[in-house]
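The values are calculated or read from the model by the stated rules, or taken from the named source; none is laboratory data. These numbers come from a predicted model, not from an experiment. FYI the Cβ positions are ideal-geometry reconstructions off the backbone, even for glycines, and counts take in every protein chain you see. Side chains are part of the model used for accessible areas, which takes the heavy atoms of the whole protein and leaves out ligands, DNA and RNA. Shrake-Rupley method; radii C 1.70, N 1.55, O 1.52, S 1.80 Å.
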Amino acid sequence: TQSSIMADEDLEYDISFPPAAVSDDEKEPVVILLGWAGCKENHLAKYSAIHEQQGCITIRYIMPTQDIFFYSYKAKTVAYKILELIFDLNLEDHPIFFHVFSNGGGFIYRHISEMVISQRGGQVGALHIAGCILDSCPSRRSIVIGMKAVLTSLSNEPVLKRYSLMFLFGVMAILSTIRSWISWLIPFQFFRVEDDYFTAMKKDPSRWPQLYLYSRSDQVVPYTHVEDVVETRSSRIRTWKMWWRPGRSWACKC
């Protein structure tokens, strides 16, 4: 497998090519992997290798942990840059899949999906998005879930740094909640905010197939949140879900 690390105007990503090319008449599938908070390149590369063994080109991107928790609005810019990257790499004629990990990857995917659907008739809208794997996501955003995610993603950091960031995240989460309440109470457009992440994922306008992978013992992303989204999405598109419990094998429902 050929692999390289690229930086394109602040978007640092890794791209790998499968060991054997498909026939000249076919276009290799492209899998874009979006990492979770605290994810390292070597972690994501293990998943990437699975897709490469199936003959796929893979692009890996990990949003910086501090951006996920404190500057999540940057996900929209990242989404735009990833779509732009597809054209820069001349991959727009290839079938494209997304493998999205936890809410860190979900924040970006949410905007990618909205951008593709909103630009139907244009170049971006013409991309052949063939499907998506949503791995341990999405979940509602809450102070408790956020703090668990902060502690988990920063588990290798000094204790003082971990708890300082957790406190800061809690303050920002409270302020964000207050802002949301104000947006519903005060009838002025400039106070209005876009749909929250969880609502947006349930309303996702895309129609490509989706596979949801999750654990029913996940300590950060409650499985009930994932199943809530699956139930809503399955009434509109083709979905699959696979889950597991400690000591038990996978269970699958189509």
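Observations on the model:
- Residue pairs meeting the criteria (Cβ under 9 Å; at least 6 apart or on separate chains; first closer than 17 Å to Ser235 by Cβ, in segment 193-222; second open to solvent by 50 Å² or more (accessible area, probe 1.4 Å) and among the hydrophobic types (A, V, I, L, M, F, W, C)): Trp208/Phe97; Pro209/Trp240; Gln210/Trp240; Leu211/Trp240; Leu211/Met242; Tyr212/Trp240; Tyr212/Met242
- Long-range neighbours under 6 Å by Cβ, at least six apart or interchain, first residue touching a residue at least 12 places away in the same chain (Cβ under 8 Å) and of a type in the set (Val, Ile, Thr) within segment 83-102, second surrounded by 19 or more Cβ atoms within 10 Å (Cβ to Cβ) and assigned to a helix (DSSP H, G or I): Val100/Gly106; Val100/Tyr109
- Qualifying position, being loosely packed, with under 15 Cβ neighbours inside 10 Å, at pLDDT 65 or above and either under 17 Å from the mean Cα position of the chain (by Cα) or of a type outside the set (D, E, K, R) (or both), among Gln189, Gln123: Gln123
- Count - residues of segment 73-101 that are open to solvent by 30 Å² or more (accessible area, probe 1.4 Å) and either of a type in the set (S, T, N, Q) or out of contact with any His (no Cβ under 6 Å at 6 or more places or on another chain) (or both): 13
- Among residues of segment 195-220, those that are among the aromatic types (Phe, Trp, Tyr) and assigned to a loop (DSSP other than H, G, I, E, B), counted: 1
- Residue match in segment 154-177 (condition: over 23 Å from Leu33 (Cβ atoms), at pLDDT 65 or above and under 19 Å from the mean Cα position of the chain (by Cα)): no
- Looking only at segment 54-72, and only at residues there that are open to solvent by 30 Å² or more (accessible area, probe 1.4 Å) and closer than 18 Å to Cys132 by Cα, the one that is farthest from the chain's Cα centre (by Cα): Gln54
- Test: residue in segment 113-120 that is within 30 Å of Glu26 (Cβ to Cβ), in a loop (DSSP other than H, G, I, E, B), modelled with pLDDT under 95 and not charged (D, E, K, R): yes
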